[in-house]
């Protein structure tokens with residue numbers, strides 16, 4: 001398919017120049033006989049070692065095999081396109097990553113039997129690449145569409161639903177839309193609470209991000225209550241609990257310097273942790 005050859009040329013032009021015309025470190029004679037599965041195993045190994053350029057090369061080779069008559073595996077091609085997009089995004093090749101994620105999304109939408117989770121996961125990644133390129137209007141549309149689709153199909157027990165919601169909230173913050181960011185996180189918190197229970201750590205962890213928003217918009221008392229809830233409810237040695245305590249202490253120092261708008265009660269909430 002034309003999109004694959006265009007993507008390969010775009011993704012690998014830098015490497016082609018750096019290697020004096022040798023497109024792949026794994027040259028075609030060495031890897032032509034490898035199956036797509038074997039190439040992806042090699043790509044994953046390279047990724048784990050931090051050799052992202054080689055991983056991209058190998059994933060591209062696997063994708064070509066899956067999208068031609070040699071293997072003709074549309075579902076495999078969709079999964080590989082998603083994997084390739086992640087590699088490209090990690091390598092800060094955001095435009096190429098968007099192309100790869102979009103190809104995964106296109107394939108998922110066209111296939112039967114339908115796999116809605118994979119379709120909306122791919123769309124969520126399209127939005128993430130667009131967010132990286134600060135194309136916020138497009139990113140918002142795709143995040144919202146993906147989130148609505150995931151909520152309706154796999155629900156809030158699935159981590160990709162939570163991840164998509166959090167990414168949307170982070171995008172709102174980056175745009176200075178703090179009210180919408182807080183609304184998104186509160187909706188996420190309520191939804192997770194209904195599924196896992198309000199005391200679950202996955203619910204309490206959202207408090208820290210919410211607290212930062214409330215600090216930004218000037219609602220320090222609400223921020224303090226949220227951080228104290230993290231400190232009181234999560235395990236004492238957990239990273240989230242330690243970060244919440246540190247943030248509370250920072251706010252306490254500001255209060256003592258007279259930089260807050262009134263008595264916050266921070267001293268009381270940071271001294272004793274419930275057992």
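Laboratory data are not the source of any read-out in this text; all were calculated from the coordinates shown. Computed from a predicted model, the values in this text were never measured in an experiment. Note that we place each Cβ from the backbone using ideal geometry, even for glycine, and neighbour counts take in every protein chain shown.
For region 221-240 and region 101-144, what is the separation of their C-alpha centers, rounded to whole Å? Centre-to-centre distance over Cα atoms comes out at 34 Å. For region 68-180, a Kirkwood hydrodynamic radius built from all Cα pairs, placed in the Stokes-Einstein relation at 25 °C and 0.890 mPa s, yields a translational diffusion coefficient of 173 µm²/s.
Put simply, the C-alpha atoms of region 128-243 give a gyration tensor, and the ellipsoid matching it has half-axes of 24, 18, 11 Å, longest first. Distance between the pseudo-spin-label points of residue 41 and residue 144 (7 Å out from Cα toward the beta carbon): 4.6 nm.
Computed from the Cβ-Cβ distance with R0 of 22 Å, the FRET efficiency linking residue 177 to residue 222 stands at 0.75. Residue order for 38, 125, fewest other beta carbons within 10 angstrom first, comes to 38, 125.
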